[in-house]
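The values are calculated or read from the model by the stated rules, or taken from the named source; none is laboratory data. Not measured: the values here are computed from a predicted model. A quick note on method: Cβ atoms are made from the backbone with ideal geometry, for glycine too, and the neighbour counts reach across all protein chains shown.
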Amino acid sequence: MSKTRQATFVVCVANRECEDLEVRKIYQILPDDAAAMDGLVRIVDESGEDYLYPAELFVEIELPQAVEKALVPAA
């Protein structure tokens, strides 16, 4: 994540063995270098909690700034 606190978002493209994920849903990810080395991403769910999932289930996307602002809770 950049120093300007730009959020990173992904879209779920599969949920095999992870039924709590919704295919075609947009999720925010948190940087986690250790998880990435294991092929995982840290996803923030609706409750604001974060969990690790296989990175292959997601595709990173760029969103317009207005959409990001609406999706990221105020710090």
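Remark: pairs (first residue in region 11-36, within 13 Å of GLU56 (Cβ to Cβ) and at pLDDT 95 or above; second residue surrounded by 11 or more Cβ atoms within 10 Å (Cβ to Cβ) and among the acidic types (Asp, Glu); Cβ separation under 8 Å; 6+ apart in sequence or on different chains) = CYS12/GLU22; ALA14/GLU56.
Among the residues of region 40-71, write down those that are in a helix (DSSP H, G or I), touching a residue at least 40 places away in the same chain (Cβ under 8 Å) and under 25 Å from GLU19 (Cβ atoms). Spell out how you get there, then give the answer.
Here is the first cut: in region 40-71, the residues in a helix (DSSP H, G or I) are 55-57, 65-71.
Cutting the leftovers down to touching a residue at least 40 places away in the same chain (Cβ under 8 Å) gives us 56-57, 68, 71.
Hits for region 40-71 are GLU56, LEU57, LEU71.
Out of all the residues in region 60-75, is one or more loosely packed, with under 13 Cβ neighbours inside 10 Å and under 15 Å from ASN15 (Cα atoms)? Among the residues of region 60-75, not one is loosely packed, with under 13 Cβ neighbours inside 10 Å and under 15 Å from ASN15 (Cα atoms), which makes the answer no.
Count of region 6-54 residues, restricted to those that are in contact with a strand residue (DSSP E or B) (Cβ under 7 Å, 6 or more places away or on another chain) and charged (D, E, K, R), is 7. If you go through region 20-39 and keep only what is in a loop (DSSP other than H, G, I, E, B) and on the phi < 0 side of the Ramachandran plot, you end up with ASP20, LEU21, GLU22, VAL23, LYS25, PRO31, ASP32, ASP38.
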